[in-house]
Structures are given as C-alpha cells and as structure tokens.
C-alpha cells in the first residue's frame, strides 16, 4: 500500500512510519520538520503539497497537529490553520484522489470539561457517547476537525476513522503539583489505570483503523490502555483510589513501597476502550498489569517502539515543562 503519514517527525508519526516501512509499505512522511522519517517537508495546509502527496495514495494517516503543549506558545489562529484548515485540505484532496481510508488522530482532550466531575460526584466514565466540552483552543480545533471528518464521509463518501488517543508522550506532566510530588515514572505507571497508552498500541490501532475504514465508513473511537475498573468502582476511585487499586492488584503496594512511589489519592475519570476493541479488533498489550509485571521483574515497561522513538519535546526553543 501507498500510505501518507502526516506529522512524520513527531512521536506518533515516527512510530507509524517505522512500522509501515518495516511491513513493506510505500510510505510518504509529511512534516514541517526534516527527519529520517520525513519524505516531504511542507505544511498540511499547503494544498499543492498535499495534492502531490496524496496522488496515488491508498490511505492517509493524519497525525500532524499543534498539541496541548503549544497552547501557551502558539496563537489561536495558528491552531486553526494547522488543526482545522490543514485537516480540511487533507480531507478534500484525499477524497479527490480516491483514497480508500483516512485516519484522523484526535485526542481525549476533546472531552474537556466533561472529564472533571462536579464536587461529590463519582469519577467520570468516559466513552464515545460522552459529549465533548472543549476547555481550550486545542480541544476546540480537534473537535472541529472531527466534525470535518464526518462531513467528508457524508458528502464525499470518504471512509474516515477518528481515534481519540490518550497520553502516550514521554514528557513530564504539565501539572506543577504532580510533577513535584511524584517521580515521573510513578505518574506514568499510575496513568495506565485510566488515561495512558503505549505508542506501539496507538500505532496498532491506526493500522487496524486504516484497514477497517472502508467497511466502517465513519467511526470514532477512544484509544487508551484497557482499564481494570468498572462503573461500580467510580465512587471509590474519587474518594479513595489506593483502596480500589489495592483490591484489584494486591501486589502493587509492595512494589510501589520498594520504589518510594504512591498511588494518586483520587482518580477523576476513566477512559473506556471497549468500542475500539470490539469494532476495530484492537488488542492493546500494555495495561497496568503488564506494566506492573515489567517493573517487578526489572524490565523497561515501555514497548521497544516507544524506546526507539524516545523523547522529542514539542518546541525548538526552551518553552515550559514540555521542552526536551
């Protein structure tokens, strides 16, 4: 297959290019930044660039975006230009070129204020049926781009899959209290319970979505590690998360104690990937149990792909906590 991957210099884009090329596909990597995984240096909002890239393509995996870490360093107009106009350009040119599958990388940040339950309420159970309530320009532009994806399917018949991915970046947490109160590895292992996913599993979801797009037509899926929790756990997670985790994983406290780690006292939301597993046939390999087993054995809990990609940062110049 000939596959266009946008954002090829980024975390996910690099992972997609690596796996696709290893599988023998003809890959066109597109990014503003040159990289070993970038074939064409250019903007997704540049129609001439996009038209040239999608010519003869079987699929487009659209991972290029301005991210949440760019909210403090880029204008709202820049977010609109990249995340909305760029996505529209890709959709239009992909439809015109007869592309058979388009996968748009969105974010669980699109849920926004829906992720924070009211005082006294249990943790939020986040499925695809929860209405998006964006809290910043990143979320606004991602949800707008999702709507454009659905419109392209309805009007042009373009098969499109939207994947709302949870955290997979290796950078430190953007919350000062979390960053100062917990070791970075401690934070990431905790998050596998409810809002983190390994980049190798994200790549796998994209490739399945690419192959299933024509049969599905249009679909929207949460891509996050499989949570061990059920809806019956939600009140307990909000009030005493360590007690809930202790009941499900009796061995976790000893390993955490050995490392000087702590579980978060409260967990406010849980991402649910049931639909992606059922409809895409996705089987994520990295969850809290797998990660806990890895650290107990002294192994690196990250996938080999995550280790190969490493840490990139989001800015060329030092800009806040997300800079490498």
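Every read-out reported here was derived from the displayed coordinates using simple, explicitly stated rules and does not represent laboratory data. Computed from a predicted model, the values in this text were never measured in an experiment. Please note: Cβ atoms are built from the backbone with ideal geometry, for glycine as well, and neighbour counts cover all protein chains shown.
Points to keep in mind about this one:
- If a spin label sat at a point 7 angstrom from the Cα of residue 214 along the line to its beta carbon, the backbone N atoms of segment 41-64 nearer than 11 Å would be those of 58-59.
- Peptide ranges 93-102, 179-188 listed from the most packed, as the mean C-beta count within 10 angstrom indicates: 93-102, 179-188
- Rounded, prolate or oblate (a/c below 1.5 giving rounded, otherwise prolate when a/b exceeds b/c) for segment 192-324 by Cα gyration tensor: oblate
- In terms of surrounding Cβ atoms within a 10 Å radius of their Cβ, 286, 62 rank from fewest to most as 286, 62.
- Extension gain, residue 177 to residue 259: 0.36 nm times the residue separation minus the Cα-Cα distance gives 27.6 nm.
- Sorting 198, 58 from the fewest to the most surrounding beta carbons within 10 angstrom yields 58, 198.
- Recomputing Cα Rg over 2.2 N^0.38 Å from the coordinates shown identifies the correct label among (i) 1.14; (ii) 1.02; (iii) 0.98 as (iii).
- Sorted by Cβ density within 10 Å, fewest first, the residues 234, 158: 234, 158
- Value at 222 nm in deg cm²/dmol, rounded to 500, when DSSP H runs of n ≥ 4 in the chain each add -39,500 (n - 2.57): -12000 deg cm²/dmol
- One decimal place: the segment residue 266-residue 290 gains 6.4 nm when fully extended, by the rule 0.36 nm per residue minus the C-alpha distance.
- Selected from 141, 283, 226 as most flexible by GNM, with the chain as the system and alpha-carbon contacts under 10 Å: 283
- Spin-label model, residue 133/residue 78: points 7 Å from Cα along the beta carbon direction are separated by 3.0 nm.
- In this calculation the C-beta distance from residue 232 to residue 274 is compared with R0 = 25 Å, giving a FRET efficiency of 0.95.
- Linear extension gain, residue 114 paired with residue 41, 0.36 nm per residue minus alpha-carbon span: 22.6 nm
- The chain - percent relative contact order, Cα under 8 Å, separation 6 or more: 18 percent
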